[in-house]
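The values are calculated or read from the model by the stated rules, or taken from the named source; none is laboratory data. This structure is a prediction, so every number in the text was calculated from the model and none was measured. Cβ coordinates were reconstructed from backbone atoms using ideal geometry, including for glycine residues, and neighbour counts include every protein chain displayed. We work out accessible area using only protein heavy atoms, side chains counted, and drop any ligands, DNA or RNA first. Shrake-Rupley method; radii C 1.70, N 1.55, O 1.52, S 1.80 Å.
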Amino acid sequence: DQQVKQNSPSLSVQEGRISILNCDYTNSMFDYFLWYKKYPAEGPTFLISISSIKDKNEDGRFTVFLNKSAKHLSLHIVPSQPGDSAVYFCAASAAGTASKLTFGTGTRLQVTL
Amino acid sequence: DSGVTQTPKHLITATGQRVTLRCSPRSGDLSVYWYQQSLDQGLQFLIQYYNGEERAKGNILERFSAQQFPDLHSELNLSSLELGDSALYFCASSPGTDPRYGYTFGSGTRLTVV
């Protein structure tokens, strides 16, 4: 049962444009959502999070949007840079689960020149 | 360097064998998490320890066990290994149990069972 889904395995965007990575979830008990970035041969790196009581959180070039009614969140990267090329994982945490994270399968973003 | 140290980085072993993966959390972090990433899969939660005590358990096989020691380092023991256990095993740590700030991951141990 995949509770967190990233339906696009890959995405290619030109440098300077907006990258939009999408994530859907099924568990209504999730109350925190996070995005991680992963380069080859490294562990995932925390990017940004959002609480379920908010609909937007921004940190520099990264903005996460949450649509609870649609059980959907997205990560916007503006402007995209070649160094953003990586695999992006969406993750979610449910209240009372001691911060256990449930991860999606990832989206590989390639930012081209 | 994330501050979370995992050893070894690579491990090749035969089916039926037993291995131990080691994790040293970031300084000051009390929680340690273990995740498994198989080919083209997301990270699957295995187990969490907080200050030496087991806090949460995922779909961890009975052949797998873990513990967190008084110095807060953790070990993941995998026994009676099967080909399907080949995967990347990540350890992560966090100061407590608040998910808002995410975890800090190590660079992983790549286990290959032949």
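Data for the structure
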read-out: Long pairs among A:Lys54/B:Lys57; A:Lys54/A:Lys100; A:Lys5/A:Lys68; A:Lys5/A:Lys38; A:Lys5/B:Lys9, criterion Cα-Cα beyond 26 Å; value: A:Lys54/B:Lys57; A:Lys5/B:Lys9
read-out: For chain B, built as a Gaussian network whose Cα springs stay under 10 Å, the top-fluctuating residue of B:Arg63, B:Arg22, B:Arg100; value: B:Arg100
read-out: Fraction in percent of alpha-carbon pairs per bin - 5 Å, chain B; value: 2, 13, 24, 26, 19, 10, 4, 1
read-out: Shielded by partner chains, segment A:9-57 residues - at least 50 Å² of accessible area, 1.4 Å probe, vs chain alone; value: A:Tyr32, A:Pro44
read-out: Å² of accessible area per residue within segment A:1-103, as computed with a 1.4 Å probe and no ligands counted; value: 47
read-out: Normalised contact order of chain A, rounded percent, pairs of Cα under 8 Å and 6 or more residues apart; value: 37
read-out: With every protein chain in place, chain B: carbon and sulfur % of accessible area (1.4 Å); value: 46
read-out: FRET efficiency for B:Val114 and B:Asn59, using Cβ-Cβ distance with R0 set to 22 Å, rounded to 0.05; value: 0.35
read-out: Probe 1.4 Å, protein heavy atoms only - accessible area per residue of segment B:5-92 in square angstrom; value: 49
read-out: Shielding by partners, peptide B:97-110 (average Cβ within 10 angstrom, other chains); value: 6
read-out: Buried area at the A-B interface (accessible, heavy atoms, 1.4 Å probe, summed, Å²); value: 1600
read-out: Assigned charges on the beta-carbon of Lys, Arg, Asp, Glu; chain B dipole about Cα centre (debye); value: 120
read-out: FRET efficiency estimate (nearest 0.05) - Cβ-Cβ, B:Gln44 to A:Glu42, R0 22 angstrom; value: 0.75
read-out: Percent carbon-and-sulfur accessible area, segment A:1-106, ignoring ligands, DNA and RNA, probe 1.4 Å; value: 49
read-out: Square roots of five times the Cα gyration tensor eigenvalues for segment A:1-89, Å; value: 22, 15, 12
read-out: Centroid-to-centroid separation of segment B:21-96 and segment A:1-41 [C-alpha atoms, Å]; value: 23
read-out: List of segment A:59-96 residues, accessible area with partners at least 30 Å² below that of the chain alone (1.4 Å probe); value: A:Phe89
